[in-house]
1. Could you sort 356-363, 393-400 so that the peptide with the highest average Cβ count within 10 Å comes first and the rest follow in order?
2. Give me the percent of accessible area attributable to carbon and sulfur for region 261-395, probe 1.4 angstrom.
3. Given the alpha-carbon gyration tensor of the chain, what are the semi-axes of its equivalent ellipsoid in whole angstrom, ordered largest first, with each equal to the square root of 5 times an eigenvalue?
4. Over the C-alpha atoms of region 306-414, what are the Rg and the largest Cα-to-Cα span, Dmax, in Å?
5. Using Cα-Cα distances under 8 Å and only pairs 6 or more residues apart, what relative contact order does region 298-406 have, in percent?
6. For the residue pair residue 9 and residue 203, what label-to-label distance in nm results when each label sits 7 Å from Cα along the Cα-to-beta-carbon direction?
7. Taking 8 Å as the Cα distance limit and 6 or more residues as the minimum spacing, I'd like the relative contact order of the chain as a percentage.
8. Over the Cα atoms of region 253-310, how large are the radius of gyration and the largest Cα-Cα distance (Dmax), in Å?
Amino acid sequence: WDSGTYETEKWRDDEVIAMLHGRPDGGLGGVPRRYALIRTGKGEEDTWLLHLMKDQPQPADAHSADSRPVSEPTPVAEAERVGSHPQTAGTPALADLPLPMLATPGMVADLAEGDWAYEMKWDGVRAIVGVGGGGVVVMSRNGNDVTATYPELAELADRLVAEGAVLDGEIVALDERGRPDFGVLQPRMNAAAGEAARLARRTPVHLMLFDILSLTMDGETRGLMRTPYRHRRELLRSAVDEGGHIHVPAALVGSAEDAVAASRELGLEGIVAKRADGHYLPGRRGRGWVKVKHHRTQEVVVIGWRRSESGRSGISSLLLAVPDDGALTYVGRVGTGFTESELADAAERLQPLVRETVPVDDVPATDRRDASWVEPRLVGEVTYGERTSAGRLRHPVWRGWRPDKDPGDVRWEA
C-alpha cells in the first residue's frame, strides 16, 4: 500500500502514534499523515486498527479533495459491522443508543471457573453515552435523556480520540474522602434542568467508563458488542483521553478474592466480574457479568407511608414492596436513613400518587394502621441486615431514590 519513514510520537505494545511519510505514488498520496495504530488482539488474534487522526499537518502543497487518500481500518477481531457510511453531523440520537447490559448477582464461588476480569462496582448510576459531531448525549439505565442533568460530561466530546463512539459507564459523585457516595449523588439525580449548572459547580460528577459499544473512525462506524470484552477494554483505553470528569479505571486480573479485598480496602461497593471472552448483551442480564457486593442492598417499590404526628413531613416510614413471581409483595417499612429535608422531599414526591386502596394484599394489620397508599411507580434503594422467613427486610436503612429505575426493573438481589 505504501512504504517510507515515520516520526514516533508514542510507542506502546498496544498503541503507536506516528507521522507517516510515504512514496509519492503510495497510499498516503505523498502527503505526511498522522496515524494511530491500535492493537485489539494478541497471539493468534493479532489485529490492529489503523486510525487517521483528526489533527493533521497542513502542507503548502496539500492535495485536492479528489486526491486525498482514504484510510481503511483493519477489522476488529469478531467485530459486528453495524454499518459503513459517512459520519453525519450532530450528536447521536437517543433512540439509537442501546440499553445497558446488566450484571447477575452472585458470589465469589460463582467465579471459580473461567477467565475473568474484575472491575470495581461504583456507587452511582448507569449511563450510556453517545459522542459524535462535537456533542454528547447521556442516557439513563431506563432509556431517559439525562444529558442536561450532567452538563460537565460534555467535555467527553473533546476527550474522544475518534469521530464518534457509544460508551458505557457509571456516573458518580465523590464524598470528602474522594470516594463515590450514592447519597452525595442524590441531589444531582433529582435536579431540575435549571438547577443542573449550579449544582455541577457545587457537587460535580465524574464518569467512570468501562465499555465501548461502537466506534466511528474515518467515516465508518463499527459495532463492537460481539467483540470479546478484553478487546473492547483495550479499545476503550485507546479511544479516550482521561482527565477532568472523565475516567477509564483499570480492570483487575488475578483472583476474585484479591479483587474483592481491593474493593473493600478502597471503601467501594463491591466488584463486577466480566468474562474476558464475553460479548455485550444490550438490555439483558447475562451470566457473563457477575456482581459481588460487600453489603446487602435491595431496590424497592414504594407503596405508601406511615403517618407521623411530629416533623413537618408527616411521614414516619415508607412502606415497601418487591415484585415476586410477577406480583408486588410487601417487604416491610423503612424509617431510618432520612434527614428531615429528605422526608419532606418524599412527601412532595408521593402526594400526587395517593390512592384509596392498598396496592398489595399481604400488608399486615399493624403496618396498615395510619397508612397512606400511593400508586407503585417510584423506586428507591435500601440496605438491610437479612431477609426473614416471611420475606421481610430486617433493619432496612434508606439509601435514596432511583429515578433511573422503573418498578418493572426491580427484582430480588441474591
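The values are calculated or read from the model by the stated rules, or taken from the named source; none is laboratory data. The structure presented is a predicted model; accordingly, all values stated were derived computationally and were not measured. In this analysis, Cβ positions are derived from the backbone assuming ideal geometry, glycine residues included, and neighbour counts consider all displayed protein chains. In case anyone asks, the SASA skips ligands and DNA or RNA and just uses the protein heavy atoms, side chains included. Shrake-Rupley method; radii C 1.70, N 1.55, O 1.52, S 1.80 Å.
1. Numbers: 356-363: 13.1, 393-400: 18.5.
Taking the mean over residues of other Cβ atoms within 10 Å, the ranking is 393-400, 356-363.
2. Carbon with sulfur: 44 percent of the solvent-accessible area.
3. Details: eigenvalues 455, 104, 62 Å².
Square roots of five times the eigenvalues give 48, 23, 18 Å.
4. According to the Cα coordinates of region 306-414, Rg and Dmax are 13.3, 38 Å.
5. Values: 210 pairs, mean separation 33.3, N = 109.
Relative CO of region 298-406 lands at 31 percent.
6. 3.9 nm
7. On the way: 926 pairs, mean separation 60.4, N = 414.
Relative contact order comes out at 15 percent.
8. Radius of gyration, then largest Cα-Cα span, for region 253-310: 17.4, 57 Å.
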